[in-house]
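The values are calculated or read from the model by the stated rules, or taken from the named source; none is laboratory data. Everything numeric in this text was worked out from a predicted model, so none of it was measured. Using ideal geometry, Cβ is built from the backbone for each residue, glycine included, and neighbour counts are taken over all protein chains shown. Heads up: the accessible areas ignore ligands, DNA and RNA and are worked out on the full protein's heavy atoms, side chains in. Shrake-Rupley method; radii C 1.70, N 1.55, O 1.52, S 1.80 Å.
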Amino acid sequence: MAAATAHTVNLRPDLPVTLTEAGSGRPALVLHGGGGPFTVAGIAERLAETMHAVTPTHPGWNGTARPDWLSGIDDIALAYLGYIEDNDLRDVLVVGSSLGGWIGAEMAASDDAGRISGLILLDAVGVAVDGQPIRDFFALDARGVAEFSFHDADRFYVDPVTLPDEQAARQRANMATMRVVAGEPYMHDPTLLARLRRIEIPVLVIWGDSDRIVTPAYGAAFAAAFGRARLKIVRDAGHLPQIEQPAATLALIDDYVRDSEGRTESSRGSELATN
C-alpha cells in the first residue's frame, strides 16, 4: 500500500478542501467527527489496504478555510456529493464517525444518482430521538468530555494545561466551527430521521456500549430508522470505539466490506446469467 498523500482541491471556487488519500480500488470516503481527521485515521488506514480511502478535512477544521455560506451539515454533505459526482465515483462506501456519521447519513439520503453503495456509522449524531437527548458537548470541560466520551476516561483524559499552545488553539477553533455548523438546532436535523427510510443500501451502525454522548439506545433508534441496517455494539468503548477498541471495531468494518464485496460479485453473476 502506498503512503497516504494530502492535497487540496476546490470543490467550488471558494471551497478548498484538504483530502488525504491512500490505496486503490473501490472508493471509500471516511468522515471525521468534531475531534478532527486523526479520530478516523486508523479506519482510513485499514480501508486503504484494499480500497481507495479518501479522508477530507471538513471546512473550518484544523485551520482550513470555511466560507460564510457553509453554515450547516447539509452544506458539507452536498459539497461531498458534488465531489463524488464531479469525479464520477461509483460504488462508494461512506464511513462516518460522530458528526461525520451525520454527514454520511445526509449524503446517503440525498444520493439520487445512486453512487453510494454502502454506509457505516460509528456513534453518529444527527437525529432527534425521543427520550434520548444528545449530551451538550459544548457545556463539558475537558474532564467531562473524557467521562462522557470514553469507557476508560482516565486513560484518555488530557489536561488542557499540558497542551501546546498551537494544539489548544486548533481545538478551540474546531469547536467554534462545530458550533456554527451543528449548534442550532443542536447536533441534529429535525427532518433526518424520517428521511432515512428512503435509503435502500445496507447500513452498518457501530456503537460503543459506554457512549454517554449519544447512548446505545439512541444508536438503536438510529439504526431502526433505516430500511436495511444492522446495529453492532462494541464492548468497553465509548463515543469513539475505533480509538478505544480498534481491533473489535475494525473487525466489524472488515466483515461489512467483505459482505458487500460478496453482494457485488453475486449481482454481477446474476447480470451475466440474464444476458
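Averaged over its residues, segment 136-275 has an accessible area of 54 Å² per residue, based on protein heavy atoms and a 1.4 Å probe. Each part reduced to its alpha carbon centroid, segment 122-194 and segment 214-247 end up 17 Å apart. For the set Arg235, Arg155, Arg170, solvent exposure ranked by accessible area (probe 1.4 Å, protein chains only) runs largest to smallest as Arg235, Arg155, Arg170. Ligands, DNA and RNA left out, the 1.4 Å accessible surface of the chain is 51% carbon and sulfur atoms. Electrostatic bookkeeping for Gly96 treats Lys and Arg as +1 and Asp and Glu as -1; over the other residues with beta carbon under 13 Å from its beta carbon, the sum is -2. If you restrict to DSSP beta bridges whose two residues both lie in the chain, what percentage is antiparallel, to the nearest 5? Approximately 35 percent, going by the DSSP bridge assignments. Of the Cα atoms belonging to segment 1-106, the radius of gyration and Dmax stand at 12.7, 38 Å. Using the rule -39500 (n - 2.57) for each DSSP H run of four or more residues, divided by the residues of the chain, the 222 nm mean residue ellipticity is -12000 deg cm²/dmol. Determine how large the accessible area of Asp112 is when every protein chain is in place; take a 1.4 Å probe and give Å² rounded to the nearest 10. That residue has around 130 Å² of solvent-accessible surface.
Computed over the chain, the quotient of the alpha carbon radius of gyration and 2.2 N^0.38 Å is 0.97. Of the chymotrypsin sites (Phe, Trp or Tyr not before Pro) found in segment 17-125, those that fall in a DSSP loop while having at most 16 other beta-carbon atoms within 10 Å are Trp69.
Stokes-Einstein diffusion of segment 66-151 at 25 °C, 0.890 mPa s viscosity, Kirkwood radius from Cα pairs, rounded to a whole number: 169 µm²/s.
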